[in-house]
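Below is one structure, written out as structure tokens, with a few remarks after it.
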Amino acid sequence: MPRVRSILVSLSLFLAACSDKAAAPLASPVPGLVSDFVRQALPFSPVAAAASGMHTADGVNLDEALDSFSPAALGRYRLFLTSFRERLEREARPETLTPQDRADHDIVHDQIRAAMLELDTLQAYKHNPTVYVELIGSALFNPFVLEYAPLEKRYPHLIARMAKIPALLAEAKANLVDSPAIWTKVAAEENDGNRELIAGVLNDKCPAAQRPAFDAAAKPAIAAIDAFNAWLKSDLAKRTSDWRLGKEKYAAKLDLALALGLGPDQILADAEAELERVRGLMRETGAPLFEKMYPGQKPPTELNALVKKVLDKVAEKRSTPAKYFDDAKRDLEEARQFVRAKGLMTLPARDNLQVIETPVFMRGIYSVGGFNPAPALEPKLGAFYWLTPIPANWPKERVDSKLREYNHYGLKILTIHEAIPGHYLQFEYANDVQPEPRRVLRAVYGNGPYIEGWAVYATDLLIEQGYLDKDPELLMTWYKQYLRAVANTILDVRLHTMDMKDDEAMALMIERTFQEKEEATAKLQRAKLSSTQLPTYFTGYRAWRRLRDRLEKRPGFKLAAFHEMALRAGAVPMPALERILEVK
């Protein structure tokens, strides 16, 4: 899964000049609105702005700044959103816009609504300490790995941010009124990662010229991190709250997260029906496989018993902790060559993808892996396929559980999803969108079902096109992985709106969708840390499949052309993509 972003906004109107002789049609206001949106909105989050390639705004060096959650800063943000919403309603009429401009309008409109929902109702800054902890990690990690300038010039930026950590954590203490126990626990773990980042790799790589300034900033930053963790455990941990959103809040947030016009009840019903369908496919594929794997034995009649026996055999082909990264890199090149050989889409000219360890401060959410694209304003910089290493201190049972889940085939599917032709290829196309403000808008505020749905669709595509010569063991692994996307939706809705218990969630994942215990445990934690993101995989995949199925009926349909046109749009809501591609 690629990284989640949050910021927002303001717009201004652009009107075309009229001739003296006759009134010319008014130009669309949207390009000017988008330009102002990007220029004025991003600086509300200096960390996200700089990560997108915007380094200065109104004389402020964003590379050296941190976000603020002070009452004054939040008040300015609220005023900005309110006035912007009024202008958008006054100056742009969606029904008069071209499909491309309508897509941009809808993104801006929904982002305003999402930001207001956060400020007025959800208020993560009052309840979720990981907001602050992950911000610190990103603020320091991004200028270290993104080579927008020589290291000697980037270090003063991260040093300046490091010096602001004590003030940010003081804001956190003032703002946080309570927190679910799991959020407090993960925040402390991720903050240990921030400490490790400063005291370890950043300290080790510090250029000699910056050593005095680094040491002067690092000492109080580490002290503030340690004090914050102590406060989390001694104070905030005593003021607990529920991580569940509840039906009303969940429905409101889901509507904005999906932008598909689907409510919780509908996506839950769709997912539960799909779960049964795919389990049936696993029986059909698994029965002949069982006979090959277990010659002379009669296949179990009970579906779970049959499928588990087959998956156990499949999982015997797996990597080791020492070879895990090398195998992922091998799988990446294998997928790249397959896409090229099959002509599924043109591969980008840039070769900026790096496979690196998931930063420690992000492993609460990214327990397996993820993708971090190149900055929209600096697309030539690095794009990162994050792979979370297996800790050296894990007991053998946990190591085996993870390697069974991400076995020979599972690791290939993960690499396809996160890299090629999944998220990496997707964002490389998106980083060529023109004009530039539109590119940044769609990259920073991209639609979740478009993004995650593409990665699931891309995996299905390779298997459909004969990847690994249609190996039935790969197909069984794909069904299992797809069931995870389906289960993600069921988990998210039932956990947040139906009081689903931990044992029920684990049973769904382990018994109904065949996940390993290690995977299921990490997913349950992720479901408690987030909300409405997990359904984007299944709902987005369905939307991508429906779109392709409808377009395939047209004369002259070309699969590669469809992929390229759809990816060149950037991460717009799926209904907007249909309008752009003129789906009737």
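Derivation of every value follows stated rules applied to the coordinates shown; laboratory data play no part. Everything quoted here is computed from the prediction, not taken from an experiment. Using ideal geometry, Cβ is built from the backbone for each residue, glycine included, and neighbour counts are taken over all protein chains shown.
Net charge of the neighbourhood of GLY32, taken over other residues with C-beta under 12 Å away and scored Lys/Arg +1, Asp/Glu -1, is -1.
Restriction of the trypsin sites (Lys or Arg not before Pro) in the stretch 365-449 to DSSP coil positions whose beta-carbon has at most 16 other beta-carbons within 10 angstrom yields LYS380. With a ≥ b ≥ c taken as the square roots of the eigenvalues of the C-alpha gyration tensor of the stretch 30-246, please select rounded if a/c is under 1.5 and otherwise prolate if a/b is larger than b/c or oblate if it is not? Oblate shape, in that a/c is at least 1.5 and b/c is the bigger or equal ratio. Annotation: average projected area of the stretch 104-218 is 8.9 square nanometres, based on the convex hull of Cα atoms across all directions. Considering only alpha-carbon pairs that sit under 8 angstrom and 6 or more positions apart, the relative contact order computed for the chain is 17 percent.
Out of all DSSP beta bridges with both ends in the chain, state the antiparallel percent to the nearest 5. Roughly 50 percent of the beta bridges in the chain run antiparallel, per DSSP. Length gained on full extension, GLU118 to ALA227: 36.5 nm, using 0.36 nm per residue less the C-alpha separation. Computed extension length for LYS517-GLU397: 42.2 nm, one decimal, from 0.36 nm per residue of separation with the Cα-Cα distance subtracted. Short-range pairs are left out: with C-alpha atoms under 8 Å and at least six residues apart, the relative contact order of the stretch 30-246 is 22 percent. Taking Cβ atoms as reference points and 15 Å as the exclusive limit, the residues near LYS380 contribute a net charge of -4, counting Lys and Arg as +1 and Asp and Glu as -1.
Other residues lying with their Cβ under 12 Å from the Cβ of ALA561 contribute a combined charge of +2, Lys and Arg counting +1, Asp and Glu -1. Normalised size of the stretch 371-452, defined as Cα radius of gyration per 2.2 N^0.38 Å with N residues, equals 1.38.
Compactness check for the stretch 406-467: Cα Rg over 2.2 N^0.38 Å is 1.25. If you count the DSSP beta bridges with both ends in the stretch 321-580, what percent of them are antiparallel, to the nearest 5? The antiparallel fraction comes to roughly 45 percent. Cβ-Cβ distance of LYS380 and GLU564, R₀ of 22 Å, FRET efficiency by 1/(1 + (r/R0)^6): the value works out to about 0.60.
Quick check on the stretch 272-344: take the gyration tensor over C-alpha atoms, sort the square-rooted eigenvalues as a ≥ b ≥ c, and tell me if it's rounded (a/c under 1.5), prolate or oblate. Because a/c hits 1.5 or more and a/b exceeds b/c, the stretch 272-344 counts as prolate.
Label reach from LYS317 (point 7 Å along Cα→C-beta): in the stretch 455-489, amide nitrogens under 20 Å belong to 459-483.
Are there any GluC sites (Glu not before Pro) in the stretch 163-192 that are in a DSSP loop and have at most 13 other Cβ atoms within 10 Å? List them by number. Nothing satisfies the criteria. Length gained on full extension, GLN266 to LYS342: 23.7 nm, using 0.36 nm per residue less the C-alpha separation.
For the chain, the 222 nm mean residue ellipticity estimated from helices alone, with every DSSP H stretch of n ≥ 4 adding -39500 (n - 2.57) and the total spread over all residues, rounds to -19500 deg cm²/dmol. The residue among PRO299, LEU344, LEU79 whose Cα reaches farthest toward the positive pole of the charge dipole of the chain, with charges on the beta-carbon of Lys, Arg, Asp and Glu, is PRO299.
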